[in-house]
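The values are calculated or read from the model by the stated rules, or taken from the named source; none is laboratory data. What you see is a predicted model; the values in this text were computed from it and never measured. Don't worry about glycine lacking a Cβ; one is built from the backbone with ideal geometry, like all the others, and counts go over all protein chains shown.
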Amino acid sequence: MYIAIEWTSAAFRALLMEHDKVLGECRSDRGTVSVPDRAFEATLREELGDWLDKAGRIFLSGMITSRNGWIESPFVPTPASASDLATNAITHHVAGLPPLLFLPGIAQTQPLPDVMRGEEMSLFGLTETDGLFVLPGPHAKWVRMQDGRIIGITTYMSGEILNLLKKNSLVSRLIPETYEEQPQAFHRGVLAAYDEGVLPGRILARLFSARSLVLFDLLKPSEISDYLTGLMIGAEILEAVCGQESRPINIVNHSPLARKYETALSLFGSESRVLIPDLAAGFRKVAAY
């Protein structure tokens, strides 16, 4: 019996596992940035309780293994598999706890460095292990896999930039406080990002249209938020998919944001499918080595 933990900057999630079964699960919002004074050991004990008496090992993945976490583990270079995570884990011993195995992240070093810590566990848990995968979020990961190994990583900060634009920018002053979803505005933003003839300069030039269209009464203030979302996701997809083969693109998530990526990809003319990540399956592959 062992415990598998995904400890990100924003959340804590633990699974009590035995062979191929999940015996229990606990979640909280005590991400690494919410733990005061780096009290990770005390937080772990509080979250896991009597599970600690049942487990022979504890696997940890995510930002808890970063230099801002508890124990920093190395990055395994691409191409990387689940077995590479197992063989490069850092084992840490604490009195009264089972051995703690801090799993490494994965890094691509050329042409510019790019990394992931934690998302790889969801990818390794998928039954589909070849092709192009996107994990939507504030820092969306576009990952290429081949034969079950991660061979390429590109991180897009689209979500974080979008949040900044909506909260603290020239355009944000025009956005109403109350929000009601405007699907057509999202579609319009996606298409504006895709259209080669709209403006030179791509996304940096086109973002200003969220203000200029309002000035000319061509966009309602209530539509700005979804228009911006469409622009950012559309621009991200245009870069990530350009020049790729015509295989379906795998969207790893089942959130409303994943559905927006599905819609945007369809407007781009790309086939996609939404895959539900199985974190337990990813940890099972690592624990098997």
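So the values come out like this:
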{"item": "Per-region count, the stretch 24-56, residues outside any loop (DSSP other than H, G, I, E, B) and among the basic types (Lys, Arg)", "result": "3"}
{"item": "Some residue of the stretch 270-280 being within 30 Å of Gly56 (Cα to Cα), part of a loop (DSSP other than H, G, I, E, B) and either free of Cβ contacts under 8 Å to residues at least 60 places away in the same chain or hydroxyl-bearing (Ser, Thr, Tyr) (or both)", "result": "yes"}
{"item": "Criterion: outside the structural domain of Thr65 (by TED's automatic domain parsing) and either exposed (fewer than 15 other Cβ atoms within 10 Å of the Cβ) or over 25 Å from Leu48 (Cα atoms) (or both) - qualifying residue of Thr127, Thr109", "result": "Thr127"}
{"item": "Of all residues making up the stretch 188-210, the number that are under 18 Å from Ser222 (Cα atoms) and among the charged types (D, E, K, R)", "result": "1"}
{"item": "Residue within the stretch 208-224 that is surrounded by 13 or more Cβ atoms within 10 Å (Cβ to Cβ) and touching a Gly at 6+ places or on another chain (Cβ under 6 Å) present", "result": "no"}
{"item": "Test: residue in the stretch 85-104 that is under 19 Å from the mean Cα position of the chain (by Cα) and either modelled with pLDDT under 95 or not hydrophobic (A, V, I, L, M, F, W, C) (or both)", "result": "yes"}
{"item": "Tabulated pairs, the stretch 36-64, first assigned by TED's automatic domain parsing to the domain that holds Glu18, second polar (S, T, N, Q) and part of a loop (DSSP other than H, G, I, E, B), C-beta under 6 angstrom, 6+ apart or interchain", "result": "Gly62/Thr8; Met63/Thr8; Met63/Ser9"}
{"item": "Sole residue being on the phi > 0 side of the Ramachandran plot and over 26 Å from the mean Cα position of the chain (by Cα), chosen from Asp195, Asp217, Asp147", "result": "Asp217"}
{"item": "Strands (runs of 3 or more DSSP E) (entirely within the stretch 130-234) containing at least 2 residues that are closer than 17 Å to Tyr261 by Cα and out of contact with any helix residue (DSSP H, G or I) (no Cβ under 7 Å at 6 or more places or on another chain)", "result": "131-135"}
{"item": "Hits in the stretch 252-269 - residues which are surrounded by 14 or more Cβ atoms within 10 Å (Cβ to Cβ) and either within 14 Å of the chain's Cα centre (by Cα) or assigned to a strand (DSSP E or B) (or both)", "result": "Val252, Asn253, Leu257, Ala258, Tyr261"}
